[in-house]
Amino acid sequence: MKRVYLKTFGCRTNLYDSSLMLQNIKDFEIVECEEEADIVVVNSCTVTNGADSSVRHYIHQLNRQGKQVILAGCGAMSKGEELLQSGKIFGYFGHSEKSKINQLLKEEKPFSARGDLESIDTQIVTDFASHTKAFVKIQEGCDFNCAYCIIPFVRGRARSMDEAMILEQVRTLAQNGYGEFVLSGTNLGSYGKDSGSSMAKLLKRLSEIKGVKRIRLGSLEPVQIDAEFQEILGEPWLEKHLHIALQHTSDAMLRIMRRRNILRDDLALFELISEKGFSLGTDFIVGHPGESESIWHEALENFKSFPITHLHAFTYSKRDGTHAATLPDTVRGDIAKERMKILEEIVAQNNYRFRQSRTEPHLVLVEERKGEYQVGYDQFFNKMQIQSELNLEKEWVVIERFEARSEGNFATI
């Protein structure tokens, strides 16, 4: 029996897809590291040229080890044929073909199975062996046309997973002992637009399933948080943290980026949700073509007004095939890094002040042990480091008292 290792790059959606692939491998031995494998399946990310480079470097290492390499994921759609023709990989398959992985692994000749960009998963994941929380993909694809993004071209247009199947998956996972569910997708907030449902309706139905203690959401777009969604913000099962992707805080820059959100509405939305006791995260791209000094300084002053406690900031990375890759007025990399550091420092201070202000009990799902601490995340998506003689891993713990330090929250029980 040949041995297979699956390497995952990229986002939570890729993590879910990898779990689905592993579930479908029947006639091979699954191993925990590439050194032990005969075949390595690379579930790739192609969101930036840098992501492509990381995948290529990994494949090069595998080639030197004499491994048979099969490419899956977003990179298979954008770079699969090129890598196959150059002999770097044995074969590749697209998103729509991942349920066929067991048969594809048996191919004796180099192959391509690109598939299509219209399909939607018809299988569910019933276990996440190495995780305390469960990841549930609810939709695929994106209808946005942001200037910097290649993802709609490699995952297709937005389409929702069948609601009955989502509910079945969460029921099964809850019966298997999972209490926290992380909903993911390419453009999460578009769920239901093609099926007459909505994110809010789905969340209400999920919350009624026995065993569901907390629902966490991946990234949402500001324009997708409508009045119906705002009505559920007080529900106890919804994590008191939302990640809302602004990408920038200058209207001029948002237009260059071909974004759908505008500054005035974004700020009002963040203030409204913050007043309800939520921590708030966002994505922000610095150094995008067109980000002049004047635009940057305007954006920085605007950014300071937002109650942002968590930040996923990027320096712009050119992605071939996107509109942004054709734009002039590029920003030097060192300048972009300086700008990103400024934003990170602002948010670090915001987060510290937020953690100091929260005196209510914190509900923590303990995920792992790191040195002398057992570590998990509270309802505000802040890390809690716990000292205890008890084994708390995979347990829900109510923390009544803790110390908020600049480097994180600490408790002893």
Count, please, the residues in region 384-404 that happen to be closer than 17 Å to Q349 by Cα and either in a loop (DSSP other than H, G, I, E, B) or touching a residue at least 12 places away in the same chain (Cβ under 8 Å) (or both).
1
Here is a check on your reading of the model: is A158 farther than 28 Å from L363 by Cβ, buried (at least 18 other Cβ atoms within 10 Å of the Cβ) and touching a Lys or Arg at 6+ places or on another chain (Cβ under 8 Å)?
yes
Hey, can you tell me all the residues within region 185-195 that are surrounded by fewer than 22 Cβ atoms within 10 Å (Cβ to Cβ) and either of a type in the set (G, A, S) or under 17 Å from G218 (Cα atoms) (or both)?
G192, S195
Residue under evaluation L104, criteria (1) modelled with pLDDT of 95 or more; (2) closer than 30 Å to K394 by Cα, criterion not met
(2)
Failed item in (1) crowded, with 19+ Cβ neighbours inside 10 Å; (2) in contact (Cβ under 8 Å) with a residue 40 or more places away in the chain, with K213 passing the rest
(1)
Are there any strands (runs of 3 or more DSSP E) wholly within region 220-329 with 1 or more residues that are small (G, A, S) and closer than 30 Å to S54 by Cα, and if so which?
279-286, 310-315
Would region 112-121 turn up any residue that is of a type in the set (A, V, I, L, M) and in contact with a Lys or Arg (Cβ under 6 Å, 6 or more places away or on another chain)?
yes
If V154 passes every condition in (1) more than 30 Å from H323 (Cβ to Cβ); (2) among the aliphatic types (A, V, I, L, M); (3) outside any loop (DSSP other than H, G, I, E, B) but one, which one does it miss?
(1)
Selection from region 122-141 of residues modelled with pLDDT of 95 or more and of a type in the set (S, T, N, Q) yields Q139
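The values are calculated or read from the model by the stated rules, or taken from the named source; none is laboratory data. Just so we're clear, the structure is a prediction, and the values are computed from it rather than from any experiment. Don't worry about glycine lacking a Cβ; one is built from the backbone with ideal geometry, like all the others, and counts go over all protein chains shown.
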